[in-house]
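Undergrad: One structure, as C-alpha cells, below. Some questions next.
The values are calculated or read from the model by the stated rules, or taken from the named source; none is laboratory data. Small disclaimer: the values here were computed from a predicted structure and weren't measured. A quick note on method: Cβ atoms are made from the backbone with ideal geometry, for glycine too, and the neighbour counts reach across all protein chains shown. Calculation scope for accessible area: heavy atoms of the full protein, side chains included, ligands and nucleic acids excluded. Shrake-Rupley method; radii C 1.70, N 1.55, O 1.52, S 1.80 Å.
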Amino acid sequence: MSRIAYVNGRYVPHRQATVSIEDRGLQFADGVYEVTAVRSGQLIDETPHLERLKYSLSELRIAMPLALGALRFVQREIIARNRIADGIVYIQVTRGAARRDHPFPAGASPTLIVTGRNSKPNAAQADSGIAVITVPDIRWQRCDIKSVGLLANVLAKQAAREAGAWEAWFIDREGYITEGSSTNVWMVSQDGELVTRQADHSILNGITRRTIQRLCGDLQLRLVERPISVSEIAQAREAFVTSATSFVMPVVKLNGHELSDGVPGALARRLRAEYLRLADRPKAASRR
Ligand code: PDD
C-alpha cells in the first residue's frame with residue numbers, strides 16, 4: 001500500500017508529495033511541527049497538540065493554515081488513508097515559499113504538510129529500560145516553541161546512538177538537565193520526590209508531560225517542578241522520560257553507569273500503565 005501525504009490541500013502519494021525549493025522551512029527552518037501518537041487508530045491528546053501548534057505558530061507570527069476543525073479532519077483522513085493502527089501523525093507548518101530573504105516575506109502563505117505512519121510498539125524497550133548520555137545544551141533560548149530547527153537535537157540523538165544509548169539529555173551551563181533531544185526528563189529523588197523541570201523557555205512543555213502531571217494529581221502523587229542536576233539524577237531512585245512516541249520510558253543507564261539498579265523503577269512502570277490506560281479509554285467519553 002502506498003503512503004498518502006497531505007500537502008497544501010491535496011492528498012498525494014508520498015513520492016509525488018513536494019514543496020518548493022524556496023520553502024522557508026527548507027531554507028531557514030522557519031516553521032513548526034507536532035507529532036501526535038495514534039493508538040488503535042485514535043489520536044492521543046489531539047486537542048492539546050493542536051493548541052500547542054497554535055501557540056508555536058503565534059509565537060512566530062505564522063498564520064494557522066487551516067481552521068482547527070479542518071485540521072482534525074485532515075488528521076483523521078491521514079489515519080484512514082494510511083491505515084494507521086499504532087503510529088504517529090506528523091503536522092508541519094512553515095512560513096511558506098518565497099524568494100530567499102531573511103525578513104518575513106509579504107504575501108507568502110503557510111505550507112501545511114500532514115503525514116502519518118505505523119510504528120512498532122516500544123513495550124519491550126520499556127520493559128528493559130533505556131540508556132542515556134549527556135551533551136551540552138547548545139540550542140537557542142526559545143525551546144518552548146516546537147520549531148523544525150532541530151539540528152542540535154539531531155546531533156545529540158546521533159551522539160546517543162554512537163554511544164549505544166537511546167536518548168541524550170541536554171545540560172545547561174549550570175549543570176542542570178533541561179530535557180532530552182526528543183523527550184522531557186523526570187526523576188524520583190532519593191527523598192521520594194517526583195521531579196521534573198519547570199516549563200519555561202528552556203524546554204518544550206511536552207503534552208505527555210502535562211498529561212502525566214494531571215495523572216499525578218489524580219493519583220495523589222506530589223510533583224515538584226525544579227531543575228535537576230546530573231549528579232542528583234545519578235543518585236536518584238528512578239529516572240524516566242516522556243514524549244508522544246515513547247509515552248513513559250524508564251531510564252536505567254546514564255553515561256554508562258547504572259541508574260535505579262539497572263531496572264525500570266516502580267513509579268515509572270505505574271505511570272506508563274496509567275498513561276496507556278487513559279489513552280485507551282473510549283474517546284466518546286471525553287474529547288481530549
Ligand atoms: N518530540 N522535548 C523535545 C525537545 C521534544 O522534541 C519532544 C517531543 C518532547 C516531548 O513532547 P511531547 O510529550 O509533546 O511529545 C520534549 C517529538 C515526539 C518528536 O520530535 O518526534
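Undergrad: Per residue, how much accessible surface does the chain expose to a 1.4 Å probe? Answer in Å², no decimals.
TA: On the way: 14080 Å² over 288 residues.
On a per-residue basis, 49 Å².
Undergrad: For Phe104, Phe240, write out the residues from largest to smallest accessible area, computed with a 1.4 angstrom probe and no ligands counted.
TA: Listed by decreasing accessible area, they come as Phe104, Phe240.
Undergrad: Here's something else I'd like to know. Under 18 Å between alpha carbons, and skipping anything fewer than 8 positions from Lys253 in its own chain: which lysines qualify?
TA: Result set, ordered by chain and number: Lys157.
Undergrad: If you average 1/r across every pair of different Cα atoms in the range 139-231 and take the reciprocal, what Kirkwood value do you get, in Å?
TA: With all distinct Cα pairs of the range 139-231 included, I get 14.1 Å.
Undergrad: Oh, and also: If you place +1 on the Cβ of every Lys and Arg and -1 on the Cβ of every Asp and Glu, how big does the dipole about the Cα centre of the range 91-138 come out, in debye to the nearest 20?
TA: 280 debye
Undergrad: Here's another thing I want to ask about it. Report, in deg cm²/dmol and to the nearest 500, the calculated mean residue ellipticity at 222 nm for the chain, where each DSSP H run with n ≥ 4 adds -39500 (n - 2.57) and the sum is divided by the residue count.
TA: -8500 deg cm²/dmol
Undergrad: Considering only protein heavy atoms, what is the solvent-accessible area of Lys146 at a probe of 1.4 Å, reported in Å² to the nearest 10?
TA: 20 Å²
Undergrad: Keeping all protein chains in position, work out how much accessible area His102 exposes to a 1.4 Å probe, and write it in Å² to the nearest 10.
TA: 120 Å²
Undergrad: Treating only the Cα positions of the chain as identical point scatterers, give the base-10 log of I(q)/I(0) from the Debye formula at each q in 0.08, 0.09, 0.12 Å⁻¹.
TA: These q points yield log10 I(q)/I(0) values of -0.35, -0.45, -0.80.
Undergrad: On to the next question. Quick check on the range 84-134: take the gyration tensor over C-alpha atoms, sort the square-rooted eigenvalues as a ≥ b ≥ c, and tell me if it's rounded (a/c under 1.5), prolate or oblate.
TA: Judged from the Cα gyration tensor, the range 84-134 comes out oblate (a/c at least 1.5, b/c at or above a/b).
Undergrad: Let me make sure I get this right: for the range 182-268, a, b and c are the square roots of the gyration tensor eigenvalues over alpha carbons, sorted descending. Under 1.5 in a/c it's rounded, otherwise prolate if a/b > b/c, else oblate. Which is it?
TA: Rounded is the answer for the range 182-268, as its axis ratio a/c remains below 1.5.
Undergrad: If you don't mind, there's one more thing I want to ask. Express as a percent, rounded to the nearest 5, the fraction of DSSP beta bridges in the range 151-237 (both residues included) that run antiparallel.
TA: Of those bridges, close to 70 percent are antiparallel.
Undergrad: When the accessible area of the chain is split by element with a 1.4 Å probe, what percent falls to carbon and sulfur? If you can, show how the numbers build up before the last one.
TA: Values: 7170 of 14080 Å².
The C+S portion of the solvent-accessible surface of the chain is 51 percent.
Undergrad: What is the antiparallel percent of DSSP beta bridges lying wholly in the chain, to the nearest 5?
TA: Antiparallel bridges make up about 80 percent of those DSSP assigns within the chain.
Undergrad: Which of rounded, prolate or oblate describes the range 1-158 when judged by the alpha-carbon gyration tensor and an a/c cut-off of 1.5?
TA: Oblate, because a/c is 1.5 or more while a/b does not exceed b/c.
Undergrad: Among the lysines, which fall within straight-line cross-link reach of Lys283, defined as a Cα-Cα distance under 29 Å, with same-chain neighbours fewer than 8 residues apart omitted?
TA: Reachable lysines: Lys54, Lys120, Lys146.
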